[in-house]
Amino acid sequence: MTPTQLRTVVGPWHALEADIAPLRHAVFVAEQGISAHLVCDAADLTAVHAVTYKAQGQAVASGRLLVEAPGVGRIGRMATAQAERGKGLGRQVLHALLDAARERHDHEVMLHAQSSAVGFYLKDGFTARGPAFMEAGIAHQEMMLALS
Ligand SMILES: CC(C)(COP(=O)(O)OP(=O)(O)OC[C@H]1O[C@@H](n2cnc3c(N)ncnc32)[C@H](O)[C@@H]1OP(=O)(O)O)[C@@H](O)C(=O)NCCC(=O)NCCS
């Protein structure tokens, strides 16, 4: 896939839920065994969401940006369809969310990374903060990125 065959949309939950919810279900519930009730929550209603679509309109990657504290964004629910990983789609979503955080003048973004995904965030300049911990039965690491 070339970047021209991909389209990333940033918007609110009511506009994107129908595309994001099945993707999250496939990745977090069917693949990772996380309880379905944890996958979508009330925070989605106020979050900024990013979704990357293939040319045919299939949603293949998504993530969300919340307000953690004044000036601090929180990225979460990052998911790329299993068959589409390693093609730069997760990075495209992450960059769209970082752009959204910069546009609202956040000075920092943080996230709770699954341990297996720490390397993905390190590639974009995030650093680990504090010890690893368990969340939804999966080992996590808090990470942060200062925004310029
Ligand atoms: C983590 C995830 C979102 C990454 O999405 P992706 O579309 O495969 O990532 P990209 O292809 O954009 O990868 C960007 C770079 O990060 C690297 N990378 C991707 N996943 C990685 C991982 N788990 N560990 C280390 N590096 C990783 C890629 O190799 C690529 O490096 P490059 O620029 O040198 O080529 C995806 O693997 C996923 O959905 N995993 C299951 C759900 C999950 O764990 N979500 C994260 C919760 S915190």
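If you go through segment 38-51 and keep only what is farther than 14 Å from ARG24 by Cβ and not in a strand (DSSP E or B), you end up with ALA42, LEU45, THR46.
Among the residues of segment 52-91, the ones that are under 10 Å from the mean Cα position of the chain (by Cα) and part of a helix (DSSP H, G or I) come to 2 in all.
Which residues, counting only those in segment 95-119, are hydrophobic (A, V, I, L, M, F, W, C), touching a residue at least 40 places away in the same chain (Cβ under 8 Å) and part of a helix (DSSP H, G or I)?
We begin by selecting, within segment 95-119, every residue hydrophobic (A, V, I, L, M, F, W, C); these are 96-98, 100-101, 109-111, 113, 117-118.
Filter once more, so that each one left must be touching a residue at least 40 places away in the same chain (Cβ under 8 Å): 96-98, 100-101, 109-110.
Matches in segment 95-119: ALA96, LEU97, LEU98, ALA100, ALA101.
The residues listed here are GLU84, GLU31; of these, the one that is within 8 Å of the ligand (Cβ to nearest atom) and surrounded by fewer than 16 Cβ atoms within 10 Å (Cβ to Cβ) is GLU31. For segment 48-67, residues that are in contact (Cβ under 8 Å) with a residue 40 or more places away in the chain and surrounded by fewer than 19 Cβ atoms within 10 Å (Cβ to Cβ) total 3.
Quick one: which residue in LEU16, LEU45 is more than 15 Å from the ligand (Cβ to nearest atom), buried (at least 16 other Cβ atoms within 10 Å of the Cβ) and more than 14 Å from ALA81 (Cβ to Cβ)? It would help to see each step written out before you state the result.
On the way: LEU45 fails: buried (at least 16 other Cβ atoms within 10 Å of the Cβ).
Result of the check over LEU16, LEU45: LEU16.
The residue that is farthest from the ligand (Cβ to nearest atom), among those in segment 98-141 that are within 14 Å of the chain's Cα centre (by Cα) and charged (D, E, K, R), is ASP99.
Within segment 47-60, the set of residues being touching a helix residue (DSSP H, G or I) at 6+ places or on another chain (Cβ under 6 Å), under 11 Å from LEU97 (Cβ atoms) and small (Gly, Ala, Ser) comprises just one member, ALA50. Inspection of segment 120-136 identifies at least one residue that is under 18 Å from THR52 (Cβ atoms) and part of a helix (DSSP H, G or I).
Only the coordinates and a few stated rules stand behind these numbers; no lab work does. Please read these numbers as outputs of a predicted model, since none were measured by experiment. No Cβ is skipped: glycine too gets one built from the backbone with ideal geometry, and neighbour counts run over all protein chains shown.
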